[in-house]
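**Student:** Input: one structure, supplied below.
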Amino acid sequence: MRLALAQINNTVGDLDANAAKILEFAAKAEQLGADVTVFPELALTGYPPRDLVEKHSFLDRTALVLQNIAEQSAKLKTALILGYVARAPENAAIRAQNAAAVIQNGSIVFKQVKMLLPNYDVFDEARYFWPGTSQELCELCGVKVALAICEDGWNDKQFWQQRRYQRDPIEELANKGADVIVSINASPWNIGKRHEREDIFRATAKRFGLPLVYVHMVGGNDQLVFDGTSFAMSAQGEVVARAKSFEEDLIVFDTATNSGDDHSNHVVDNDAAFQALVLGTRDYIRKCGFRSVLVGLSGGIDSALVAAIAVEAIGKENVIGVGMPGPHSSEHSLTDARSLAENLGIRFEVESINAGYNAMMATLNPLFTGFQADTTEENLQSRLRGVTLMALSNKFGSLVLTTGNKSEIAVGYCTLYGDMCGGLAVISDVPKTMVYRLSRIANKRALEQGRPAAIPENTFIKPPSAELRPDQKDTDSLPEYPVLDAILEAYIENYKAVPEIAAQLNISEDLVRDIVRKVDRNEYKRQQAAPGLRITRKAFGVGRRFPIAHRFTE
């Protein structure tokens, strides 16, 4: 049997466009001689659909569009396997099911329902879907197919020492006499995820001695990025076909010859993180209906990286940089920002906040009598920049990209209604030390594409500073970023306690406790922040849920 792996970038809720893409890829697959074309989990509806599944109209429309796909595919010889949201049984307390349909000769001939519903990290499937209770093999072209939906294939009891579920759907299907395993997925990307994914499914293929097909979604949906990188494995666990990473793709795998297309283009670690941010930024902008973006350019490394990502995502003609010098801005903050804009080829505007700041201080000074200057005056500058960017956003119809990194947001080194203003926090899951590495990658990619290196060297070497008071440096109130980032990774991503972190890093408990206290105290800020793109194992946002008002301390 020849299986086509159709790695598509869909949009949540855009049922007609998603259906058109499914039929387009199926037609291409047929031209390649595919007997079956396999699409990702929830290919028709997009992932995650969240509370859309609570709408009867959404479920009705999904069923109608699925039937239309079946009817329009009647002229194709290739069968289709695709994920969609199905209605749950009438007596179920939850309305929907995460399902897969098999379409052949113009009809839906088989339905599989996901059994294992993840309810951890970024997943809420137990809230939205009614689980399947049993699964059956599907026979296509005389081949018995074990069809699994994402999590159903991630619970191999011989791979995991600690399992989340008692049942192993792949084992149950394999024991019924399967000839091939087909797994359809929407598994959000993070650094290291692709290696883990292949290790898991290699163990499964070898355990059951069956060829295995892994079809994965690609694209960005809100905070989540899906990398694609679909693959097929032989019964020995060898990857014999692979699709592109971070791009739509279509590859064919032949179970008879154990051979297939190799379109692999994937990179790892920081290079992959950069590509994920570009894809997530592009899709967030496009799927939200925007065409252009605004970036406040301070001459610093964070805003420079965000601007470089934006240019790769949507083109230089759609990016506007705004310099907003204030009372304590250095000369190089504006010259470096201008050089960056020139290197990127983007429009650059300068709007000083000095007049606004002086006017606000004149207004507020009578109320401030008897108080010393403090962070109030600093935050006022940041908020005036936020007002400026949001005014331009309203006037131009452009989305504002915020420029705060994970390290700053973790400890509250950001200003509500100031530098936190915007529609997407592009690098909110990028620690400061990684910002520098990704910025070098941005310059390398620009040179490879025949463009000048975007980010000026001075931006790399000057000490980080918010420039909200004279001679201010980030290290005035924070440890050096390599130390800070190590503490944050241990606390946020690994949930380690203060003594354990101090011992691991050979630093004082007082320093660790101070940083941890800052993290905990600034939860209220983070929950008011723009959504950010997830690239690490634990990002702020949907995958990390702490109460704002609580009294627990480390």
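The values are calculated or read from the model by the stated rules, or taken from the named source; none is laboratory data. This one's a predicted model, so the numbers in the text were calculated from it and none came from an experiment. For neighbour counting, all protein chains shown are included, and Cβ atoms are generated from backbone atoms with ideal geometry for every residue, glycine included.
Yes or no, residue by residue, for (1) in the same structural domain as T281 (by TED's automatic domain parsing); (2) part of a helix (DSSP H, G or I); (3) without any contact (Cβ under 8 Å) to a residue 40 or more places away in the chain:
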site: N155; (1), (2), (3): no, no, yes
site: Q158; (1), (2), (3): no, no, no
site: R163; (1), (2), (3): no, no, yes
site: Q166; (1), (2), (3): no, no, yes
site: I170; (1), (2), (3): no, yes, yes
site: V182; (1), (2), (3): no, no, no
site: P188; (1), (2), (3): no, no, no
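**Student:** Taking segment 535-554, which residues are part of a loop (DSSP other than H, G, I, E, B), among the charged types (D, E, K, R) and within 28 Å of K193 (Cα to Cα)?
**Tutor:** R537, K538, R545
**Student:** Only one of these conditions is not met by V12: (1) part of a loop (DSSP other than H, G, I, E, B); (2) closer than 21 Å to A241 by Cα; (3) in contact with a Lys or Arg (Cβ under 9 Å, 6 or more places away or on another chain). Which number is it?
**Tutor:** All conditions pass for V12, except number (2).
**Student:** Which residue, of A243, A178, A186, is crowded, with 19+ Cβ neighbours inside 10 Å and farther than 28 Å from L279 by Cβ?
**Tutor:** Going through A243, A178, A186 in turn, just one is crowded, with 19+ Cβ neighbours inside 10 Å and farther than 28 Å from L279 by Cβ: A178.
**Student:** Moving on to the next point. Would you check which residues across segment 409-443 are under 19 Å from N270 (Cβ atoms) and not aliphatic (A, V, I, L, M) and list them?
**Tutor:** S428, D429, P431, K432, T433, Y436, R437, S439, R440, N443
**Student:** Another question, if that's okay. If I filter segment 420-450 down to residues being over 20 Å from the mean Cα position of the chain (by Cα) and of a type in the set (G, A, S), which single residue comes out as nearest to L399 (Cα to Cα)?
**Tutor:** The extreme case among them is A446.
**Student:** If the requirement is being within 19 Å of Y214 (Cα to Cα), touching a helix residue (DSSP H, G or I) at 6+ places or on another chain (Cβ under 7 Å) and not in a strand (DSSP E or B), which of these qualifies: A43, A4, A29, A19?
**Tutor:** Being within 19 Å of Y214 (Cα to Cα), touching a helix residue (DSSP H, G or I) at 6+ places or on another chain (Cβ under 7 Å) and not in a strand (DSSP E or B) holds for just one of A43, A4, A29, A19, which is A43.
**Student:** Now for a different question. Can you spot a residue in segment 316-330 that is under 23 Å from P470 (Cβ atoms) and either surrounded by 23 or more Cβ atoms within 10 Å (Cβ to Cβ) or outside the structural domain of I427 (by TED's automatic domain parsing) (or both)?
**Tutor:** Yes, some residue in segment 316-330 is under 23 Å from P470 (Cβ atoms) and either surrounded by 23 or more Cβ atoms within 10 Å (Cβ to Cβ) or outside the structural domain of I427 (by TED's automatic domain parsing) (or both).
**Student:** Further question: Please pick out the residue among A74, A63, A86 that is more than 28 Å from M1 (Cβ to Cβ) and either surrounded by fewer than 23 Cβ atoms within 10 Å (Cβ to Cβ) or modelled with pLDDT of 95 or more (or both).
**Tutor:** Selected residue: A63, the only one of A74, A63, A86 that is more than 28 Å from M1 (Cβ to Cβ) and either surrounded by fewer than 23 Cβ atoms within 10 Å (Cβ to Cβ) or modelled with pLDDT of 95 or more (or both).
**Student:** Out of segment 222-265, which residues are polar (S, T, N, Q) and outside any strand (DSSP E or B)?
**Tutor:** Q223, T229, S230, S234, Q236, T255, T257, N258, S264, N265
**Student:** Here's another thing I want to ask about it. Are any residues in segment 79-132 farther than 17 Å from K55 by Cβ, part of a strand (DSSP E or B) and β-branched (V, I, T), and if so, which ones?
**Tutor:** Result: I81, V102, I103, I108, V109, V113.
**Student:** Being of a type in the set (G, A, S) and touching a residue at least 60 places away in the same chain (Cβ under 8 Å) is the filter here; which residues of segment 346-392 pass it?
**Tutor:** S382
**Student:** Being aliphatic (A, V, I, L, M), touching a residue at least 12 places away in the same chain (Cβ under 8 Å), closer than 29 Å to S187 by Cα and buried (at least 17 other Cβ atoms within 10 Å of the Cβ) narrows it down to one residue among I501, I487, I515, I548; which is it?
**Tutor:** Answer to the check: I487.
**Student:** Follow-up question, since we're still on this one. Under 7 Å between Cβ atoms, at least 6 apart or on separate chains: pull out the pairs that start in segment 293-316 with a residue that is over 17 Å from M390 (Cβ atoms) and end on any residue that is part of a helix (DSSP H, G or I) and acidic (D, E).
**Tutor:** Listed pairs, sorted by first residue: G299/D336.
**Student:** Name the residues in segment 58-77 that are over 32 Å from the mean Cα position of the chain (by Cα), part of a helix (DSSP H, G or I) and farther than 15 Å from A101 by Cβ, would you?
**Tutor:** Hit for segment 58-77 is K75, nothing else.
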